[in-house]
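The values are calculated or read from the model by the stated rules, or taken from the named source; none is laboratory data. Not measured: the values here are computed from a predicted model. Note: ideal-geometry Cβ built from the backbone for every residue, glycine included; neighbour counts use all protein chains shown. Accessible surface is based on the protein model in full, side chains and every heavy atom, while ligands, DNA and RNA are left aside. Shrake-Rupley method; radii C 1.70, N 1.55, O 1.52, S 1.80 Å.
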Amino acid sequence: MTHKLCAARLARFAAASLVLLVSAAVAEDLEPRSYANTPVGINFVLVGYSEIDGSVTANPSVPLQDGKIKIKTVVFAFARSLDVWGRSGKFDIVVPRAELKGSALFAGEPRERDVTGLIDPRFRFSVNLYGAPALSLAEFADYRQDVIIGASLAITAPLGQYDSGRLVNLGNNRWSYKPELGISKRLGPVTLELAAATTFYTDNDDYLGHRTASQNPLYQVQGHVIYAFTNGVWVSLDSTYFAGGSTSIDGVGNHDFQENTRYGATLTLPVNRNNSLKLSASNGAYSRTGSEYDGFGIVWQYRFGGGL
């Protein structure tokens, strides 16, 4: 392999391996390239910044009206690519810290909130079940993607800022579990992706005066069309639809079935073999109940280990 070809493969790896950071711990995240193959033994350190603006909180089921809320988030993350019985996999930890400011109407009454603290951290394990064998960096130079089928499980822990006397918080005081199944197909410079997931929630038994808040599962489908340029730059057009997530308080339903559609775009820029940047933006196309917001973010990623 020539030096020029090897450099081109490393550039494509730099963009392909970029791990997405959740901008504000909302369920309707857009995640292109979740199941791309990555050489085994690579470590990732990521720092990101995002802003979302609109009627949004860390819990999209909170029934706000006329919300004017801004959440500024700084995210720290670590990930490592794994060999899972001969299949490529990955484990990542995402820890967001945010500042929330804004006002909204709740039950016809104006409310204001200004709070800074941790959003519930997320732990995720993913494995590519088909089409993406575990490879060293040297072996990866000859890898060509066709069809990849992968699965993941994301767990969100109740470690974020939470005040039981407040309606709007950065944490949710409950666990959530999100299994997902995804498929990726490459057609020359274009990659098509489709993923389906369900998020399950435990109860929050300390909601506004020691009441119990429950939430039904939230179902999500997302799709991506990704174009790879020869210099290693990737551009993705992203969309997602999710429905469900109705809530109840002490067994009394809130009639807040969610149904939302969002779209966005992602641009990944490999700086060199160890560093890359990701820019992203998203907007709501339709919202029946839940979050209505615009968002953008930037992530810097540093890779090391595995022969880099």
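For the range 239-280, give me the residue count where each residue is in contact with a helix residue (DSSP H, G or I) (Cβ under 6 Å, 6 or more places away or on another chain) and under 15 Å from His224 (Cα atoms).
Within the range 239-280, residues that are in contact with a helix residue (DSSP H, G or I) (Cβ under 6 Å, 6 or more places away or on another chain) and under 15 Å from His224 (Cα atoms) number 1.
What strands (runs of 3 or more DSSP E), lying completely within the range 76-144, carry at least 3 residues that are open to solvent by less than 20 Å² (accessible area, probe 1.4 Å) and hydrophobic (A, V, I, L, M, F, W, C)?
87-106
Every residue, every condition in (1) in a loop (DSSP other than H, G, I, E, B); (2) in contact with a Ser or Thr (Cβ under 8 Å, 6 or more places away or on another chain); (3) at pLDDT 95 or above; (4) open to solvent by 70 Å² or more (accessible area, probe 1.4 Å), yes or no:
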residue: Ile155; (1), (2), (3), (4): no, yes, yes, no
residue: Arg166; (1), (2), (3), (4): yes, no, no, yes
residue: Lys178; (1), (2), (3), (4): no, yes, yes, no
residue: Ile183; (1), (2), (3), (4): no, no, yes, yes
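Can you pull out every residue in the range 221-235 that is surrounded by fewer than 22 Cβ atoms within 10 Å (Cβ to Cβ) and of a type in the set (S, T, N, Q)?
Thr230, Asn231
Of the residues Tyr302, Tyr241, only one is more than 22 Å from Ala197 (Cα to Cα) and in contact with a strand residue (DSSP E or B) (Cβ under 6 Å, 6 or more places away or on another chain); which?
Tyr302
Return yes when Gly209 is open to solvent by less than 30 Å² (accessible area, probe 1.4 Å) and either part of a loop (DSSP other than H, G, I, E, B) or more than 24 Å from Gly297 (Cβ to Cβ) (or both) and no when it is not.
No: the conditions fail for Gly209.
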